[in-house]
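I have placed the structure first, in the form of structure tokens, so that the comments after it can refer back to it.
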Amino acid sequence: MKNLFRLVDQDQDFFQRKWTLVNGPVIVGAGPSGLATAACLREQGVPFVVLERAECIASLWQKRTYDRLKLHLPKQFCQLPKLPFPEDFPEYPTGRQFIEYLESYAKHFDINPKFNECVQSARYDETSGFWRVKTVVTSGSKKIEFEYICRWLVVATGENAERVVPDIEGLAHFGGEVIHSSEYKSGEKFQGQKVLVVGCGNSGMEVSLDLCNYNASPSMVVRSSVHVLPREIFGKSTFELAVLMLKWLPLWLVDKLMLILAWLVLGNIEKYGLKKPSMGPLELKNTKGKTPVLDIGASEKIRSGDINVVPGIKRFSRGQVELVNGEKLDIDSVVLATGYRSNVPSWLEEGEFFSKNGFPKAPFPHGWKGNAGLYAVGFTRRGLSGASSDAMRIAQDIGNVWKEETKQQTKRTIACHRRCISQF
């Protein structure tokens, strides 16, 4: 408590704004990572507050995904701690089913985030030993400033907080529709159009495939090398197969075997403009965080010519794009499947734990805990299973301190009670 008094003494404006002392950690973000951490803390008996800038949980999944989206991995690799998917869900749940699962997850663990509360800044106050998290609460047309004082801060805003929109010469003068893949819902409104899809990751591939299914003509920009693996190999999940092999074989050998199996299933796709990286898919994922594309039909459309693979972009002009090889294409619309980035540097005032790109400096599996009660969840570049692993570690770590301090407090209360009795 004396630390709180220090905080009040040094901040003359402290009582002029709304604030609250949180008896436990503040979790920033109510996506899968934040929910998983909250659930694990609930199991540990530790109270918490979850802050979410949107008006719903998992806003990325609810607001920025396309209609045809399904989980790329089997459901057992995507479930959060302490609560599996319903048994009647398919092996690869749809985006809608995943949202239903997350909503039931939050209800099961009684997680009630504070919605429409955007964190403006968070910094550690060394004098008091508390984190100070300043937010703006949106209520209709009103905006209210608020501050949370807490001992522990859990950053759960994740790898995909903000969309990446590249600055490409001439794009502003293109004239046709330009959207980010986060705004793309289906290819229905693009029927009969020539659409340039910028990016060849999982989103770029799926958007291109969806456009084909709606009789559009997509051209997909492939600037760099990319690994394309079938989602399943001989009826078995490719990811599950890789996990199984890694129990017995070294990573480099598993990479070799995965590429051989991919060639047997998909054939030689390099001749269609999809160059393979020199590093194997698992090694590339572990070292660079670059995820291989799990093919669900796009490669077949590339082989048939329904998806046109093109090199990098030089510039746009009205109704046209010029490529780096000098070729010019007439196009009607552009979909930027250029991914997302972390937004942590924009609000967290800290430079030791997080790097400038918004990811922890320490590599996996050491990037979940910083100093002074700072934690990160969902930055492993290992999907939902990585986030779950972080969440359990964080809750255990905070829970150990919480239980020890609660035990000490109980002992002091009992001792005080005995002293009081002895005086009578």
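Extension gain for D125 to L259 (0.36 nm times residue separation, less C-alpha to C-alpha distance): 43.2 nm. Inter-part distance, segment 170-206 to segment 293-356, computed on C-alpha centroids, equals 9 Å. Straight-line reach from K194: which aspartates and glutamates have Cα under 17 Å away, leaving out those fewer than 8 places along the same chain? Straight-line reach from K194, under 17 Å: E177, E206, D210, D306, E322, E327, D330, D332. As a fraction of the 1.4 Å probe accessible area of segment 164-339, surface on carbon and sulfur atoms comes out at 51 percent. Computed about its Cα centre, the charge dipole of the chain is approximately 920 debye, with only Lys, Arg, Asp and Glu carrying charge at their Cβ. Of all DSSP-defined beta bridges confined to the chain, some 50% are antiparallel rather than parallel.
In terms of packing, defined here as the mean over residues of other Cβ atoms within 10 angstrom, the peptides 33-40, 197-204 line up highest first as 33-40, 197-204. Exposed loop sites are taken as trypsin sites (Lys or Arg not before Pro) in a DSSP loop (any state but H, G, I, E or B) with at most 10 other beta carbon atoms within 10 Å; the longest stretch of the chain without one runs 1-246.
Placing one equal scatterer on every Cα of segment 164-339 and applying the Debye formula, the log10 ratio I(q)/I(0) at q = 0.15 Å⁻¹ is -0.85. Structural descriptor for segment 164-339: relative contact order 38 percent, calculated from alpha carbon pairs under 8 angstrom and at least 6 residues apart.
A simple charge model with +1 on the Cβ of Lys and Arg, -1 on the Cβ of Asp and Glu and nothing else charged puts the dipole of segment 164-339 at about 480 debye relative to its Cα centre. Could you work out the helix-only [θ] at 222 nm for the chain, with each DSSP H run of four or more residues adding -39,500 (n - 2.57) and the total divided by the number of residues, to the nearest 500 deg cm²/dmol? Calculated mean residue ellipticity at 222 nm is -10000 deg cm²/dmol.
Taking 0.36 nm per residue of separation and subtracting the current Cα-Cα distance, fully stretching the chain between K288 and K142 would add 48.3 nm. According to the Cα-based calculation, Rg over Rh for the chain is 1.04, with Rh computed by the Kirkwood formula. Each label was represented as a point 7 Å from its Cα along the Cα-to-Cβ direction; for S355 and E404 these points are 3.1 nm apart.
Surface analysis of the chain yields an accessible area of 51 Å² per residue, using protein heavy atoms and a 1.4 Å probe. Per-residue accessible area (protein heavy atoms, 1.4 Å probe) orders L257, L266 as L257, L266, starting from the largest.
Listed cross-link partners K114/K236; K114/K185; K301/K356; K75/K361; K185/K290; K285/K369 are compared with a 32 Å cut-off, the Cα-Cα value being larger for K114/K236; K301/K356.
The values are calculated or read from the model by the stated rules, or taken from the named source; none is laboratory data. Because the structure is predicted, anything quoted here is derived from the model rather than measured. Because the Cβ atoms are built from the backbone with ideal geometry, glycine has one as well, and the counts that use them run over all protein chains shown. Heavy atoms of the whole protein, side chains included, go into the accessibility calculation; ligands, DNA and RNA do not. Shrake-Rupley method; radii C 1.70, N 1.55, O 1.52, S 1.80 Å.
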